[in-house]
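Novice: Take this structure, written in structure tokens, and hold onto it; I'll ask about it next.
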Amino acid sequence: MNDTTGPSEPETTVLQSALRGLACKCPRCGEGKLYAGFLTLAPRCDRCGLDYAFIDSGDGPAIFIIMLAGAIVVGCALVVEVKYQPPFWLHAVLWLPLILATTLLPLRAMKSLLIALQFHHKAAPGRLIDRAK
């Protein structure tokens, strides 16, 4: 994985890394673009040259978003059902836009937040330790 800081760069805090992530900026310099498309990563930072090949957020962002959106939508749907008892077609009209809004809108920011935290904590694939010594 790439070094997070050079010899002359100050150490970044977790808050700074999180803010860089939420802004969808480079996790090292905080200025370059992280994305080339909606969820497609750029090959490298256009400012500091950080190679984004190390990035692997996996399914983490989607899982967080699914859990949060599910809690919001199901909670709202239950309240509306108990209080007003609308027909099923109205449920579809109400909750489909909310599902799309609560899943697609925060997905990009959540992915870049997890990428920035991965970079900050120097996350790497796990390795087995040989304890037979």
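Novice: Check Asp46: other-chain or 5+ apart residues with amide H under 5 Å from its amide H, H built from backbone geometry?
Specialist: Amide H neighbours of Asp46: Lys33.
Novice: Which of Ala71, Gly49, Trp89 sits closest to the plus end of the dipole of the range 14-121, meaning its Cα is farthest towards the positive end, when Lys and Arg get +1 and Asp and Glu get -1 on the C-beta?
Specialist: Checking the options against the dipole of the range 14-121, the answer is Gly49.
Novice: Here's another thing I want to ask about it. Grab the DSSP H runs of the chain that are 4 residues or longer, score each as -39,500 (n - 2.57), total them, divide by all residues and round the 222 nm result to the nearest 500 deg cm²/dmol.
Specialist: Rounded to the nearest 500, the figure is -16500 deg cm²/dmol.
Novice: Further question: Taking the Cα-to-Cβ direction at Leu96 and at Thr40 and moving 7 Å from each Cα, how far apart do the two end points lie in nm?
Specialist: Rounded to a tenth, the inter-label distance reads 2.8 nm.
Novice: Starting from the 7 Å offset along Cα-to-Cβ, what nm value, one decimal, do you get for the label separation of Arg47 and Ala77?
Specialist: Label-label distance for Arg47 and Ala77, simple model: 4.1 nm.
Novice: Got a number for carbon plus sulfur as a percent of the range 14-121's accessible area, 1.4 Å probe?
Specialist: Carbon and sulfur together cover 70 percent of it.
Novice: Let me ask something else about it. Over the range 14-121, average the accessible area per residue using a 1.4 Å probe and give it in Å², no decimals.
Specialist: Heavy-atom accessible area per residue stands at 60 Å².
Novice: Same structure again: In what sequence, highest mean first, do 120-130, 36-46, 14-24 appear when ranked by Cβ atoms within 10 angstrom?
Specialist: 14-24, 36-46, 120-130
Novice: Given (1) 15.6, 47; (2) 19.8, 69; (3) 14.2, 42, which label gives Rg and Dmax of the Cα atoms in Å as computed from the coordinates?
Specialist: Among (1) 15.6, 47; (2) 19.8, 69; (3) 14.2, 42, the one calculated here is (2).
Novice: May I pose another question? Quick one: Karplus J couplings for the range 87-95, per residue in order, coefficients 6.51, -1.76, 1.60, θ = phi - 60°, nearest Hz, x for Gly and Pro?
Specialist: Result, rounded to whole Hz: x, 5, 5, 6, 4, 4, 5, 6, 8.
Novice: Taking the Cα centre of the chain as origin, work out the dipole magnitude from +1 charges on Lys and Arg Cβ and -1 charges on Asp and Glu Cβ, in debye rounded to 20.
Specialist: So the magnitude is around 80 debye.
The values are calculated or read from the model by the stated rules, or taken from the named source; none is laboratory data. Note that the structure is predicted; figures quoted are calculated from it, not measured. Every residue, glycine as well, gets a Cβ built from its backbone with ideal geometry; the counts of neighbours run over all protein chains shown. The protein model used for the area step is the full one, side chains on, heavy atoms only, and it has no ligands, DNA or RNA in it. Shrake-Rupley method; radii C 1.70, N 1.55, O 1.52, S 1.80 Å.
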